[in-house]
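Quick notes on the structure that follows.
The values are calculated or read from the model by the stated rules, or taken from the named source; none is laboratory data. Since we're looking at a predicted model, the values are computed, not measured. Glycine gets a Cβ as well: all are built from the backbone with ideal geometry, and neighbour counts include every protein chain shown. SASA here: full protein model, heavy atoms, side chains in, ligands and nucleic acids out. Shrake-Rupley method; radii C 1.70, N 1.55, O 1.52, S 1.80 Å.
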Amino acid sequence: MTAGNNGASTPEDDDPFGYLYADGQANGAQPPSGGGGYGYPGSVNRVRAVGQRQYGQQAPAAATAPYGQVPQQQGGHAQPNAHYAAPETFPGGAPTTQQPQPSYGDGGGRRGPNTKGLLIGAIAVVAAVVIGIGVAMMGGDGEENAGGNGASTSPTTSQSSKPSASSSQSAAAGELPKTDAKTLRLEGGTSIASDVKGAQAEGGLYVQGFNQVGAKVTWTVNGIEKAGTYRLYVRYDIPGVDANATLTVNGKANTQPLNMKNFANQPKGDWEKGWQTTWGQVTLNKGTNTIELSCQQGNQCDAYLDQFSLTENVDQ
């Protein structure tokens, strides 16, 4: 080699494709042959053809490199090193087969997202919103109704106002009880009739058969708020002839009979014009009391009985 031209004796100038250029051919570059390397004559490149490396044989000490270190590259162009073996060829090296990836289905491995749980949760949220809207709408209607007329929107349960034959009719708030013929307990041959017009009881009913000894009607009075003396009013009908009867309160007879005179001076024998009203004093207990009107010996009982009622005694 001369000082001016070093030829292809150094790795830096070892161009494997130099035979393609005019200056390379001038320096003796040859195309690769089946028996060895290629490039310039005397090149330090020791590249072997694929398949010539025999693993398991002792490699020249100068040509092998420890596992994990990159062998030195020659020249300005990176060339493959025939003595470098892939990591998977060494014991304990990288695996040569592809590791299976974990599955995300129901068949095994790591489970995927719980779509069923998410769906149930979404349905629950929607249901809660719908219920909340319904409750709010119902509550709003109730407030509007309460503010508009002050009346309750919920219906009230009505109790039967039809009393038994021995009980009194229900009195309105602040009023004393009253009753009529159909609610009285009848004894001693008395009965209900409606032939004679003029009775004020419902259906024009009245008690007949009172004109005989032993005849009796009983009124069970409920709801007396305080004990005291009251007035008992009795509406009756006579044929223009005076009558009277025995008045008994809670088992004790009054000393004076109930007077059923012909106060209106109606003509004798005219039942339809003989409807009148009388009253007598009664002493009642707080709560429930029994009032009896009966035909006893010495009474004149030719009368029909229509309605009974109580008022405060104005003489107290």
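Here are a few things to note about the model shown:
- Taking only alpha carbon atoms, the range 209-316 gives an Rg to Rh ratio of 0.98, where Rh is the Kirkwood radius.
- Inter-label distance, nm, simple model (7 Å from Cα along the C-beta direction), Asn259/Thr290: 2.9
- Per residue solvent-accessible surface (Å²) - the range 181-316, probe of 1.4 Å: 49
- Exposure of Lys261 as accessible area (Å², to 10), given a probe of 1.4 Å and all protein chains: 80
- The charge dipole of the range 194-316, taken about its Cα centre with unit charges on the Cβ of Lys, Arg, Asp and Glu (plus for the first two, minus for the last two), comes to roughly 260 debye.
- Pairwise Cα distances in the range 182-238 exceed 12 Å for 73 percent of all pairs.
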